[in-house]
Structure formats: C-alpha cells, structure tokens
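Some notes on the structure that comes next.
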Amino acid sequence: MNTFYITTPIYYVNDVPHIGHAYTTIAADILARHHRQLGEDVFFLTGTDEHGNPAARAAQKRGLTPSEHVDEMVLKFRELASKVNATNDFFIRTTDPEHCEAVQSFIQQLYDKGDIYLKSYSGLYCSSCETFYPEKDLLDGKCPDHGTVPELIEEENYFFRLSRYQQALLDFYDGHPDFVKPSTRFNEARSFIERGLDDVSISRATLKWGIPIPWDQKQVVYVWVDALLNYITALKYASPENLLPRYWPANYHLMAKDILKFHAVIWPALLMASGYELPHHLFIHGYLLMGGQKMSKTRGNVLDPFEVMDKYGVDAFRFYCFREVTFGQDGVISMEGFESRYNAELANELGNLVSRTVAMVSKYCDGVVPEPGEGDSSRFSALVQRLGIDSGAALANVELTGCLESIWHFVRTLNKHVEDSAPWNLAKDEANRTQLDGVLYELVEGLRICALLLHPYMPEKTVEILRRLGQGHGTDDLALENAEWGRARPGSIVVAGEPLFPKLV
Ligand code: MSP
C-alpha cells in the first residue's frame, strides 16, 4: 500500500492561534483526507513549537513559568486542530520528553561526527523569527518579516558545518527539480544556496528555555533545529511501533514562504549530515492577507478563526480559504468576501441544488431515487471521467484551488441541467416519465460525485449531502474509486432537511 506522510509547521505558542495557522492545517487535512480516499496509508502530523525566546518572553509577561505558559497555550492549538476538523494522526509538542531525548541524540551524533564546533559570534538577531540577519538582508535596519529592529547578540555558540553541504545540496536540487514547489520557490531556495552558505549557530547560551546541549548543559539547542527535527522524532514515538521506516521520507512538508529557508536549506543539510533520506517535497503556500498585510500576531491584524467558524460553520470556512485565494499565492481575505461567496456558491449553487433535487425526487418519485431512465448518461459519464482526472491531477500537484475550481464547474453544469431540462415541466405529462427519471437520477448521481470530490474540503456537509440523497456515506462509500458515473443506488430514499447552508442576510 502506498504511504503518504504530510506535515504542517509546528506553530509557536507565544500567542493564541490565528487564521493563518488554521489555513495550513486545513490544507494538510484536505490532502490527508484525499489520500485516504485513494486508499493510501496516511500519516498526518501537526503540533506546537514550544521552546525559544518568544514563548519564554510571553510567559514572563504573564508572570508564568515557560512551562505553565506553553501548557496553557497548547490547549488552544489542539482546540484549533479539532475545531477545523483536522484528522491529524498525532500532535507533537517539542516539550514532549521523547522529542527532547531524540533531539539530543541527533545532535550528539553530529557532534561526534565533527559536524558541530564551538565559535564566538556576534550578529543581529530577530527574536520573533529566531534568526540572525546579515545587515544586507534588513529593510531600513529592520527585520523584513516583522518590521522590528533586531538586537545585537554576542555569544559563544555551537555551529553546524552547513557550508560543508553546499555542493551536496545543489546536486540534490539539480536531481530533484520538484523538491520545492511551486517552482518559483525552488529557484529562490536554489539561488540562496548558490550564493554561498555560512555555517549556522545551532545553540543559544543566554536562553534557558530549550533542550540542553547534551555535552554542554550551559547551552540549549537552537529552537529551529529543535523544531525541524519534529518531523522525524514524532514518528519514533507517536505510536508503540516505530513509524519511521513506514512513513519517512515525508511526502510533503507544507508551509508558508516565511520559513522556506529553514526547510529548504538547513533541514536537508541536517538530514544529509545524519544519513536520513530527504523529504520528497516542500510545498510553499502564500500568505493570507488582511487589509493588504500578512496576518501575524506581531502585527496584530489577525482574525480569530474560532469566531468565524462559530458564526458560519467549519466547512464553509474550509471552503472559503481555498476558493478565495489560489493556494500557493498570496491573497486577501475579508468577512465581506466570505459572506458573498457563501451566499452565491454555498447557499445558492450547492445547498439549493441539493434541496431542489431532494424536493423533486420527493414530489415526482415519492422520495425514491429513480432508475437512470432515459437520460444524458453518456454525456455525464464523460464529464465525470474528465472531472476525476482533472481534480485528481490538481491534488496530486497540491493545487487545492484548481481542484475546487474544476469541481465547481461541474456544480454549475448540474445547476444548468436543472434549468435546461425543467423537470417541473416534464412532470406535467406522464409520457415524459423515463425522461424525468433520467434527469432526477442525473442530479442525484452528479451531486453524489460532487460530494465525494468535495469531501476533503467539506467533510461534514458532504456526508450530509450523501445522507439526504439516500446514498452510502461510510468510509468505503467515500473511496474515490466510487466517483464513477452510474454508481448511485436507485431505490434509496431521499431525506429532506433544513438548508445545508442557510443564507446569510
Ligand atoms: N515554529 C515555526 C515553524 C517550525 S516548523 C519546523 C513557525 N511557527 S509560526 O507559528 O510562526 O507558523 C508559521 C506558519 O504558520 C507559516 O509557515 C504558515 O504555515 C502559517 N501561517 C502563519 N501566518 C500565516 C498567514 N498570514 N498566511 C498563511 N499562512 C500563515 O514559524
């Protein structure tokens, strides 16, 4: 059986989660659900990055110890994962003792091998990014990502011989042109490596809140090394079985472009140094923007995902995120945009189509899904075959918006089919019986297929659609191999109900 291992970044817990965090988690969940529908053995990992400066400072501000602070904050991140309906197989915390031990043994191995050495260092440090910036990379002397002035830090640190891996990284990039997707990000990462790599500091001497360096307890492991390793350490203790041989290398690490460099340069070099295979792909998505700027806790322009989901429902939110902004690009989201898409597409085009279909089957067929009758089966069969190919290819390439677009095109085709065939007119004359049955079957069958394809995006509503259409909605029924024309069960009973997506006024 094919395996599919997908990860989100592990999120900082200096503050409560925002929509940006929900976004990546939902994207990973869509892919995880899709690969399960394909019958693959999926492992989906998310979690929290709990060490480092920002968490320690946030704790101090609140008059708590770092541990008290992170233990409290992690609850919000776990709650977010379950609120968005994420089907993650494990939730890693970098404060898990198993993770800490695994990190220590990983770096000990690099130290023993001579890939780590001690050196004095001074540099400009942005403690929100947890990274040193060369002066040339600052914008007006400020961090390009956070707009804050970095501090001058001088200390004796352990360094990882990143420079040693420059050529091996370039060779790897050249041999794996789809290692980083989309390709613009690949080029960005490759040219960064090409410009030359300096060794990187992998410990901090002034910070206490971290994993102690095993051979020098006065220093802690740099938070980024601690964090990146989660993708491997989690597999070692997520279950009693060591899952590493089963799932590593990861198929996809998902993230936004803010953390590309760590994943595209430092992570592969650390893996090479320790003899692990490299992940198959990194997929770098864009930023959700609010009022023209990246949403971030530091900037304070964040939307509370809990509020949005409580008000409009989880599935509508999941749908909107990937419908509104092309996955991979930056895009603006807003409550106005959300509401207009919700009404036009979810309430009218999808919800209403389900209601009308159920109502017509109730009225004209006593609630029983008719036999295919005399309809337009060959046209629909061809359309659905094309749709299956297009949507599958899009998701294989992590085009979450492209896939949704092709499904939505089909939703619109079904709406047009209702208008063009006007079942209410056909029903006026019993002579049109088989034609009427054909149209109603096509609507039920078309919607069943839409529900299967939309399932990763809207897991609850699609199951409800199948239930209303009298169709199977268990795990086996949801398998993508059933997204083939002609598998709807005639003779099953439709179920009327409240509007699936009540119109917002
Ligand atoms: N802890 C590190 C990641 C370590 S992974 C080994 C970190 N944490 S973070 O809390 O800042 O999360 C960054 C990630 O959250 C982004 O890469 C992205 O996945 C997601 N997003 C945060 N803000 C976002 C937007 N405004 N838009 C899109 N994604 C957003 O970096």
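If R₀ is 25 angstrom, what is the calculated FRET efficiency for the pair Glu307 and Asp330, using the beta carbon separation as r and rounding to 0.05?
Once the sixth-power term is evaluated, E becomes 0.65.
Could you do me a favour and compute the accessible area per residue for segment 346-482, 1.4 Å probe, result in Å²?
40 Å²
What distance in nm lies between label points placed 7 Å from Cα along the C-beta direction at Leu170 and Thr475?
Inter-label distance under the simple model: 4.8 nm.
What are the principal axis extents of the Cα atoms in segment 1-59, in Å, biggest first?
Here the spans come out as 46, 20, 9 Å, largest first.
Using the Cβ atoms and a cut-off under 15 Å, what net charge is assigned to the surroundings of Gln37, where Lys and Arg are +1 and Asp and Glu are -1?
Overall, the nearby charge balance is -3.
Put a dot 7 Å past each Cα toward the Cβ at Thr413 and Val368; how far apart are the dots in nm?
In this crude label model, Val368 to Thr413 measures out at 3.0 nm.
Where in the chain lies the longest segment free of GluC sites (Glu not before Pro) that are both loop residues by DSSP (not H, G, I, E, B) and have at most 11 other Cβ atoms within 10 Å?
1-240
Using only Cα atoms, what is the ratio of the radius of gyration of segment 27-126 to 2.2 N^0.38 Å?
Taking N as the residue count of segment 27-126, the ratio is 1.43.
What percentages make up the Cα-Cα pair-distance distribution of segment 208-328 when the bins are 10 Å wide from 0?
Taking all Cα pairs of segment 208-328, the binned fractions are 10, 28, 31, 24, 6, 0 percent.
For segment 373-430, restrict the atom set to alpha-carbon positions and state the Rg and Dmax in Å.
14.8, 49
State the dimensionless ratio Rg/Rh of segment 101-220 (Rg: radius of gyration of Cα atoms; Rh: Kirkwood radius).
Rounded to two decimals, Rg/Rh equals 1.00.
What translational diffusion coefficient, in µm²/s and rounded to a whole number, does the Stokes-Einstein relation yield for the chain at 25 °C and a viscosity of 0.890 mPa s, taking the hydrodynamic radius as the Kirkwood radius over Cα pairs?
Translational diffusion coefficient: 99 µm²/s.
Looking at segment 180-223, which trypsin sites (Lys or Arg not before Pro) are DSSP coil and have at most 13 other C-beta atoms within 10 Å of their C-beta?
Those satisfying the criteria are Arg195, Lys208.
Calculate, for Glu460 and Asp41, the FRET efficiency according to 1/(1 + (r/R0)^6) with r their C-beta to C-beta distance and R0 25 Å; round to the nearest 0.05.
Calculated value: 0.55.
What would the Debye equation give as log₁₀ I(q)/I(0) for segment 394-467 at q = 0.19, 0.28 Å⁻¹, counting only Cα atoms as equal point scatterers?
The Cα Debye sum returns log10 ratios of -0.81, -1.21.
Express the carbon and sulfur contribution to the solvent-accessible surface of the chain as a percent, rounded to the nearest whole number, probe 1.4 angstrom.
Carbon with sulfur: 50 percent of the solvent-accessible area.
Which value, in debye to the nearest 20, gives the size of the charge dipole of segment 135-239 about its Cα centre, when Lys and Arg are +1 and Asp and Glu are -1 at the Cβ?
400 debye
Thr148's amide H: which non-local residues (gap 5+, or another chain) put their own amide H closer than 5 Å, with H modeled 1.01 Å from N in plane and none for Pro or chain starts?
Those qualifying (amide H under 5 Å, at least 5 residues apart or on another chain) are Cys143.
If I stretch the segment between Asn242 and Ser82 completely, what's the gain in nm (0.36 nm per residue apart, minus their alpha carbon distance), one decimal?
Going from the current span to full extension adds 55.1 nm.
Can you check what the net charge comes to around Glu399, using other residues whose Cβ is under 12 Å from the Cβ of Glu399 (Lys, Arg +1; Asp, Glu -1)?
Here the count lands on -1.
How big, in percent, is the set of alpha carbon pairs in segment 81-124 lying more than 13 Å apart?
For segment 81-124, the share of Cα pairs beyond 13 Å comes to 71 percent.
State the three equivalent ellipsoid semi-axes of segment 351-505, derived from the C-alpha gyration tensor as the square roots of 5 times its eigenvalues, in descending order and whole Å.
Equivalent ellipsoid of segment 351-505: 25, 17, 15 Å, largest first.
Residue by residue through segment 67-81, what is 3J(HN,Hα) from phi via Karplus (6.51 cos²θ - 1.76 cosθ + 1.60, θ = phi - 60°)? Round to whole Hz and write x for glycine and proline.
5, 4, 4, 5, 5, 7, 5, 4, 4, 5, 6, 5, 5, 5, 4
Treating only the Cβ of Lys, Arg, Asp and Glu as charged (+1, +1, -1, -1), what charge dipole size does the chain show about its Cα centre? Round to the nearest 20 debye.
With only Lys, Arg, Asp and Glu charged at Cβ, the dipole is about 400 debye.
May I ask you to derive the FRET efficiency for Arg356 and His280 from their Cβ-Cβ distance with R0 = 45 Å, giving the value to the nearest 0.05?
Using R0 = 45 Å, I get an efficiency of 0.55.
Along the Cα→Cβ direction, 7 angstrom out, place labels at Ser120 and Thr3. What is the inter-label distance in nm?
Those two pseudo-labels are separated by 4.7 nm.
Assigning unit charges at the beta carbon (Lys, Arg +1; Asp, Glu -1) and nothing else, what dipole magnitude in debye, to the nearest 20, does segment 265-399 show about its Cα centre?
Roughly 320 debye, rounded to the nearest 20.
Identify unpaired cysteines across the chain, taking unpaired to mean no other cysteine Cβ lies under 4.7 Å from the residue's Cβ.
Flagged as lacking a Cys partner: Cys100, Cys321, Cys365, Cys403, Cys450.
Test of understanding: what is the full-extension gain from Asp71 to Glu156, defined as 0.36 nm times their sequence separation minus their Cα-Cα distance?
27.5 nm
Can you tell me the length gained on complete extension of the stretch Asp112 to Glu430, counting 0.36 nm per residue apart and subtracting the Cα distance?
Once the chain is fully extended between Asp112 and Glu430, it gains 106.0 nm.
Which log10 I(q)/I(0) values, to two decimals, does segment 269-401 give at q = 0.15, 0.17, 0.20 Å⁻¹ under the Debye formula with one point per Cα?
Scattering profile of segment 269-401, log10 relative to I(0): -0.99, -1.11, -1.24.
Of Leu288, Val103, Ala28, which is farthest on the positive side of the dipole of the chain, counting Cα position, with +1 on Lys and Arg Cβ, -1 on Asp and Glu Cβ, and the Cα centre as origin?
Leu288
What does the charge add up to near Ala427, with Lys and Arg as +1, Asp and Glu as -1, over the other residues with Cβ less than 12 Å from its Cβ?
With Lys, Arg at +1 and Asp, Glu at -1, the net is 0.
The values are calculated or read from the model by the stated rules, or taken from the named source; none is laboratory data. If you're wondering where the values come from, they're calculated on a predicted model, not measured in any experiment. FYI the Cβ positions are ideal-geometry reconstructions off the backbone, even for glycines, and counts take in every protein chain you see. These area figures cover heavy atoms from the full protein model, side chains too; ligands, DNA and RNA do not enter into them. Shrake-Rupley method; radii C 1.70, N 1.55, O 1.52, S 1.80 Å.
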